[in-house]
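The values are calculated or read from the model by the stated rules, or taken from the named source; none is laboratory data. Just so it is clear, the model here is predicted, and its values are computed rather than measured. Neighbour counts are summed over all protein chains in view; Cβ atoms, including those assigned to glycine, are modelled from backbone coordinates with ideal geometry.
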Amino acid sequence: MCGIVGAAAERSVSGVLLEGLRRLEYRGYDSAGMAVWSGAEIQRLRREGKVQALADAHDDTPLTGSTGIAHTRWATHGKPSERNAHPHMSGSAIAVVHNGIIENFEALKADLTSSGYAFSSDTDTEVIAHLLDRAMQTGLDLTQAVQQIVASLEGAFALGVMHRDKPGELVAARKGSPLVIGVGIGENFIASDQLALLPVTDRFMFLEEGDIALLTKDEIIVWDKVGEPAERAVSQYEHSVTSADKAGFKHYMLKEIYEQPAVTHAAFEDRIKDGLVDESAFGEQAAVIFDQVKQVQIIACGTSYHAGMIAKYWMEGLAGIPCHVEVASEYRYRPVVISEGTLFISISQSGETADTLAALRDVQDQILASLTICNVPASSLVRESDLNLMTNAGPEIGVASTKAFTTQLVGLLLTTLVLGRRFKLSQEKEREIVALLAQLPGLMEHAIKMDGSIEEMSQAFAEKNHSLFLGRGTLYPVAMEGALKLKEISYIHAEAYPAGELKHGPLALVDKDMPVVTVAPRNEMLDKLKANLQEVSARGGELFVFAGCSQEVQPGEGIHVLEMPEVPEVLEPIVYTVPLQLLSYHVAVLKGTDVDQPRNLAKSVTVE
């Protein structure tokens, strides 16, 4: 979950590396470092903390050179410290940056130690540098050494490597962790994410699983997983260079919340044809595959898992399709029974989520077909799935997902409609839902305009340490997402329950110090939910209710009500997500936490 940047150019690359790290800091911000080939040696600079600490150190001790690698870290092996920061070196000759986990590093370390190598860090990465040094002492060049040692590495990794005696060369390798090559004119680059390189290029080559690449300023050579020369297509980045800027907002998260009316519209606008969902948006073989679907299995992690839970309600309730949803990290490690005609749907913002990707790979030969709902074209999940639907959310920099989640929901609703027409969903009902979708951007705008009132409400949470979120039906996963957002960025312990489960245990927690947040749209579940709210109120709990009609849920002592716009039931989980995002944001600001880069978390979870 770390960030890698590398460059081979004619110009000095330190500025490119630092800017790339700033753009990748959402992937890890425990420590940062860079190594630059300068004259006859490799100079290295590392600092604990955020990229700015490295930039400040670089101002005092500039590194000048035309080839370099850099890294921002999210700690796995070894606590955050300067000694554990990347790049790691073997002597003064080899520098390595690494994203991922080397699972057999202890055995490799023991072997290297017995060969006389001394270790200066607690990381798994340092074994890579020493393995390369040992391989090169047998006469191999840098690329050959990388090809040899990756066969001994178990786990997931993306690597960037440079050698003192190979000026102008970078070697990159990819297995299980994303790595992209930026193609320039008289310069070439590597990075974990295209965003890192947008200031210097908009042309990219995506390495495939097992690829190794040699880069110079003038040339890119790629070998595949069996060591054969390989051609990799070059594509152009579709978003503007400024799409990852804050655009005047205090935080990326707030900007991304405010972008949701536009991006949810982008998620469906080109997928509608003659009032119906155009299934060709899912891929050329979509119609043939969808005709054979008998059930759906959804796999995801974190926020994406909550999106999958909502989709289950839609698929079974609207379309009559059997649908199962499971956390990817559990699914991949248990024996599973896959029924005939299963469409395997993976959901991931990055398309590189390690557990989700591994689950897909484990079942490829047992399923009818795979479909991914994703925000990153050319990511691993997109390339390895039979069908895909891009969410069109644009870059999401805030670690706590907002617009990626709501656009996933739009994509899953479209999926429900195209599958549902093959089950119980009539064309008339599909047209009705498609027409309702046109209202979504306006409804989300309305919810965002509640920002001031929600900011006021957030004051009640500033001194709290616990919170409870309640919902029913499709709003139960929304409550789960609201609780996740609050704990992610404000560090308040938050739990979510189906409101009907209160009396089965959670009610024991309710008192004046446990604020209870409830999403209460005006639907068929409202009367049941009101009874649950009375249970909270009777025990002295303080209620914060986002209600579809304030006349149905009256404010009073200990009951705070914010009235939501009237929302069609099928769109409720998308629209009601917005005020919970805003509540979490404002509570975090009050608590003074790092909203965009919360402690212990990283954006793209590319390790188990």
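Check 248, 210 and return the single one that is in a loop (DSSP other than H, G, I, E, B), modelled with pLDDT under 95 and more than 30 Å from residue 488 (Cβ to Cβ).
Result: 210 is the single residue among 248, 210 that is in a loop (DSSP other than H, G, I, E, B), modelled with pLDDT under 95 and more than 30 Å from residue 488 (Cβ to Cβ).
Results for (1) in contact with a Gly (Cβ under 8 Å, 6 or more places away or on another chain); (2) of a type outside the set (D, E, K, R), shown as yes or no for each residue.
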| site | (1), (2) |
| --- | --- |
| 237 | no, yes |
| 250 | no, no |
| 280 | no, yes |
| 288 | no, yes |
| 292 | yes, yes |
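Do the conditions hold for residue 50, that is, is it free of Cβ contacts under 8 Å to residues at least 60 places away in the same chain and among the charged types (D, E, K, R)?
no
Mind checking whether some residue in segment 66-84 is closer than 23 Å to residue 180 by Cβ, buried (at least 22 other Cβ atoms within 10 Å of the Cβ) and among the polar types (S, T, N, Q)?
Yes, the conditions are met somewhere in segment 66-84.
Given (1) of a type in the set (S, T, N, Q); (2) in contact (Cβ under 8 Å) with a residue 60 or more places away in the chain; (3) buried (at least 22 other Cβ atoms within 10 Å of the Cβ), where does residue 143 come up short, assuming only one miss?
The one condition residue 143 does not meet is (3).
Any chance segment 373-387 includes a residue that's out of contact with any Cys (no Cβ under 7 Å at 6 or more places or on another chain), among the charged types (D, E, K, R) and buried (at least 23 other Cβ atoms within 10 Å of the Cβ)?
No, the conditions are met nowhere in segment 373-387.
Within segment 49-120, considering only strands (runs of 3 or more DSSP E) that don't extend past its boundaries, which have at least 1 residues that are in contact with a Cys (Cβ under 7 Å, 6 or more places away or on another chain) and among the acidic types (Asp, Glu)?
Counting at least 1 such residues, we get no strands (runs of 3 or more DSSP E) at all.
Within segment 406-427, is even one residue modelled with pLDDT under 95 and either surrounded by 24 or more Cβ atoms within 10 Å (Cβ to Cβ) or at positive phi (or both)?
No, there is no match, as no residue in segment 406-427 is modelled with pLDDT under 95 and either surrounded by 24 or more Cβ atoms within 10 Å (Cβ to Cβ) or at positive phi (or both).
Let's see how each residue does on (1) in contact with a Gly (Cβ under 9 Å, 6 or more places away or on another chain); (2) closer than 19 Å to residue 92 by Cα; (3) polar (S, T, N, Q); (4) touching a residue at least 24 places away in the same chain (Cβ under 8 Å):
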{"residue": "139", "(1), (2), (3), (4)": "no, yes, no, no"}
{"residue": "150", "(1), (2), (3), (4)": "yes, no, no, yes"}
{"residue": "155", "(1), (2), (3), (4)": "yes, no, no, yes"}
{"residue": "175", "(1), (2), (3), (4)": "yes, no, no, yes"}
{"residue": "180", "(1), (2), (3), (4)": "no, no, no, yes"}
{"residue": "183", "(1), (2), (3), (4)": "no, no, no, yes"}
{"residue": "193", "(1), (2), (3), (4)": "yes, no, no, yes"}
{"residue": "200", "(1), (2), (3), (4)": "yes, no, no, yes"}
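Check 510, 553, 519 and return the single one that is among the hydrophobic types (A, V, I, L, M, F, W, C), buried (at least 17 other Cβ atoms within 10 Å of the Cβ) and modelled with pLDDT of 80 or more.
519
Could you list, in sequence order, the residues of segment 371-406 that are farther than 18 Å from residue 354 by Cα, over 14 Å from the mean Cα position of the chain (by Cα) and among the acidic types (Asp, Glu)?
386
Go through the residues of segment 460-476 one by one and say whether even a single one is buried (at least 23 other Cβ atoms within 10 Å of the Cβ), assigned to a loop (DSSP other than H, G, I, E, B) and touching an Asp or Glu at 6+ places or on another chain (Cβ under 7 Å).
yes
Only residues in segment 433-458 that are over 21 Å from residue 516 (Cα atoms) count as the first member; pair them with residues that are aromatic (Phe, Trp, Tyr), Cβ under 7 angstrom, at least 6 apart or cross-chain, and list the lot.
Final answer for the pair search is 437/268; 448/258.
Would it be correct to say that residue 30 is free of Cβ contacts under 8 Å to residues at least 12 places away in the same chain and more than 18 Å from residue 190 (Cβ to Cβ)?
Against the criterion (free of Cβ contacts under 8 Å to residues at least 12 places away in the same chain and more than 18 Å from residue 190 (Cβ to Cβ)), residue 30 does not qualify.
If I go through segment 113-140 residue by residue, how many of them are touching a helix residue (DSSP H, G or I) at 6+ places or on another chain (Cβ under 6 Å) and either crowded, with 18+ Cβ neighbours inside 10 Å or of a type outside the set (Phe, Trp, Tyr) (or both)?
8
Within segment 380-448, which helices (runs of 4 or more DSSP H) (wholly inside it) include 3 or more residues that are more than 24 Å from residue 196 (Cα to Cα)?
Those helices (runs of 4 or more DSSP H) span 403-420, 427-437, 440-448.
Looking at (1) over 14 Å from the mean Cα position of the chain (by Cα); (2) β-branched (Val, Ile, Thr); (3) crowded, with 22+ Cβ neighbours inside 10 Å, which one does residue 289 not meet, given that it meets all the others?
All conditions pass for residue 289, except number (3).
Yes/no per residue for (1) in contact (Cβ under 8 Å) with a residue 12 or more places away in the chain; (2) over 26 Å from residue 356 (Cβ atoms):
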residue	(1), (2)
228	no, yes
231	no, yes
247	no, yes
262	yes, yes
276	yes, yes
294	yes, no
298	yes, no
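Among (1) closer than 16 Å to residue 371 by Cα; (2) surrounded by fewer than 21 Cβ atoms within 10 Å (Cβ to Cβ), where does residue 307 come up short?
(2)
Restricting attention to segment 441-462, and to residues there that are within 26 Å of the chain's Cα centre (by Cα) and charged (D, E, K, R), which single residue is farthest from residue 407 (Cα to Cα)?
Here the answer is 451.
Do the conditions hold for residue 435, that is, is it on the phi < 0 side of the Ramachandran plot, in contact with a strand residue (DSSP E or B) (Cβ under 9 Å, 6 or more places away or on another chain) and surrounded by fewer than 23 Cβ atoms within 10 Å (Cβ to Cβ)?
Answer is no for this residue.
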